[in-house]
Every structure is written in structure tokens, then in C-alpha cells.
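I'd like to ask some things about the structure below.
The values are calculated or read from the model by the stated rules, or taken from the named source; none is laboratory data. This is a predicted model, so every value here is computed, not measured. A quick note on method: Cβ atoms are made from the backbone with ideal geometry, for glycine too, and the neighbour counts reach across all protein chains shown. Accessible surface areas use protein heavy atoms only, side chains included; no ligands, DNA or RNA. Shrake-Rupley method; radii C 1.70, N 1.55, O 1.52, S 1.80 Å.
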Amino acid sequence: MRQIVLDTETTGLEPEQGHRVVEMACVEILNRQVTKRHLHLYMNPDRDSDPEALRVHGLTTDFLSDKPRFPEVAQQLVDFVRDAEVIIHNAAFDVKFLNAELRRAKLPPFTELCGKVTDSLMVAREMFPGKRNNLDALCERFGISNAHRTLHGALLDSELLGEVWLAMTRGQDSLLDEGADDSATGSGAGAAGTQGRFDASGLAVIQVDAQAMQAHEAYLDGLDKAGGKPCLWRQIDNPPETDATVV
């Protein structure tokens, strides 16, 4: 399962008005683990950024003047996203810019290059209706530090969105999915021969290192904050004391 988290920075809001992509980053997620593979490119747009866009990303015309044009680096994007699910926050914005750039480079539309485009903003709005669901709000909701995000940057934002995406979708993969499917035919863990019990004896035991434990605790901190009380996991691990005596 290969996923790519993608973000762009642009000179303005509308490619139809001649605005261009100036920065692009892709971060790879493989089997729900962020890998060390990423693609990060700056591009010369051959124009100035609107003042509002410049305040967001801080990429000046002078800084971008010696960078390659999009057609020179387009194949790197094509190769990196090929057949993967691409996750973008507010995908419609980025995809319309990428399509405009790909058209200039005489390449197919973006959705024909990758396997699928998933809009993480739409997913967040379904999960948290009526709440703020921009990247900063989601980082706060899930206890992900974004203190180093003083300006928008495609690589940093992709890395943060990767962490947010994994937190948002944690729990979708169930160990019992296969057994549940088999039980319908009477051949799996839920079949009558096992009285509905799941046999975990064949599961691999993975030792958790200190870094993973710290990430786990940070995620639980985010759940505590979002729910306003200790999450169920911590309630199970630390049940309240009781004076009741069991006879």
C-alpha cells in the first residue's frame, strides 16, 4: 500500500490568471509508515508572486530565479506518484495548478498519472463537521507539534499532513477484517468450530522501541485533549481505584 502526501506553493490563487507552481513536495507512506523517500522541488515561475502569496510562503522572485522550470522537473513528479494514492489537503486547489503545469509540459492530467487522489480536507470535514479543519487545527487536535511552521512550505506541510493522515485513519485496518469475511462462509475465526473466538497465537509479536512509545503517548495526549478527558485506552490501562470488596 503506497501513498504519497503532496503539497504545492503557488504565485497566486488561479492558474487561469497565469499563476504558477513555485514549490512542490511529496512524502511517501508505505504500509502506514512514513519512509525517508521524498521529492522536494523549487521552480522558477517566470513571474512575481502576488503579495498575499508571498506572505504565505516567503519564496521571493530572486530566490526562484535560478531554479528549473516545471517542464524540466515534471518527469520526477510523474515517476514519484505513479500508481500511488496521492493525499492532498484541499486537493482541488493543488490539482488544478498541477494540471495547468502538466498541460504546458505536454503531459497527461495529474489524475491519469497516479492511482487515486484523496482529499484529506474532505475526510476531515466528515470526521469533524462544523469544526476548523485546516492543517494547523488538525495538528492541534491530534497533538502533533507544528511550532516550527512559521511559513507555509511544501515539504514541511507534507510531512505534517502525513502525520495527521495517519492519526486520522488509525483504526481503519483491523486484524479481524479477514476473519470477519471468512466467518460469513463458516471458514474463519468466527466460524462455529471456534465458538466465535479469535485465535491470536499466530500473530507476530513486534517489540516497540522508545521512539514509537513516545509517538504513541503523544497520540494519546491528543485524544485526551480532543475528548476533554482520558481516552478509553488510558482508562483501561489505569482503572479508577475502588473501595469495593469482591467476595
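Between the DSSP loop rule and a limit of at most 13 other Cβ atoms within 10 Å, which trypsin sites (Lys or Arg not before Pro) in the stretch 1-103 are left?
Qualifying residues, ordered by number: R32, R82.
Considering only Cα-Cα distances, which of the following residue pairs are longer than 30 Å: K36/K131; K36/K116; K67/K131; K36/K67; K36/K96; K96/K229? Walk me through the numbers before you get to the answer.
On the way: K36/K131 32 Å; K36/K116 22 Å; K67/K131 39 Å; K36/K67 24 Å; K36/K96 28 Å; K96/K229 42 Å.
From K36/K131; K36/K116; K67/K131; K36/K67; K36/K96; K96/K229, over 30 Å: K36/K131; K67/K131; K96/K229.
Along the charge dipole of the stretch 77-161, which of S158, V86, A100 sits closest to the positive end, that is, farthest toward it, with unit charges on the beta carbon of Lys, Arg, Asp and Glu (+1, +1, -1, -1)?
A100
How large, in percent, is the carbon and sulfur part of the accessible surface of the stretch 1-71 at a probe radius of 1.4 Å? Can you show the working numbers first?
Working: 1830 of 3600 Å².
The nonpolar share, carbon plus sulfur, comes to 51 percent.
Over the stretch 60-116, what relative contact order in percent results from Cα pairs under 8 Å that are six or more residues apart?
44 percent
At a Förster radius of 30 Å, what calculated FRET efficiency corresponds to the Cβ-Cβ distance of E16 and R125, to the nearest 0.05?
That pair, E16 with R125, gives E of 0.70.
Amide H neighbours of I87 under 5 Å, at least 5 residues apart or on other chains, H built in the peptide plane: list them.
Correct list: I4, V5, L6, T118.
Something else: Roughly how many Å² is the accessible area per residue of the stretch 71-132, as a whole number, for a 1.4 Å probe? Before the final figure, lay out the partial values.
Details: 3300 Å² over 62 residues.
Per-residue accessible area for the stretch 71-132 comes out at 53 Å².
So for the stretch 1-110, averaging the separation of alpha carbon pairs under 8 Å that are six or more residues apart and normalising by length, what relative contact order in percent results? Could you put the intermediate results ahead of the total?
Details: 176 pairs, mean separation 31.5, N = 110.
Computed over the stretch 1-110, the figure is 29 percent.
Positive end of the dipole of the stretch 1-127, charges at C-beta (+1 Lys, Arg; -1 Asp, Glu), about the Cα centre: which of C114, G12, V73 has its Cα farthest in that direction?
Going by the Cα projections, it comes out as C114.
On a C-alpha basis, how far is the centre of the stretch 55-108 from the centre of the stretch 113-165 in Å? Whole number, if you could?
19 Å
Under 18 Å from a point placed 7 Å out from the Cα of E112 along the Cα-to-Cβ direction: which residues of the stretch 62-78 have their backbone N that close?
Taking a point 7 Å out along Cα→Cβ of E112, the residues of the stretch 62-78 whose backbone N falls under 18 Å are 71, 74-78.
Can you tell me how the stretch 17-155 classifies by the Cα gyration tensor, rounded, prolate or oblate, using a/c under 1.5 as the rounded cut?
In terms of gyration-tensor shape, oblate.
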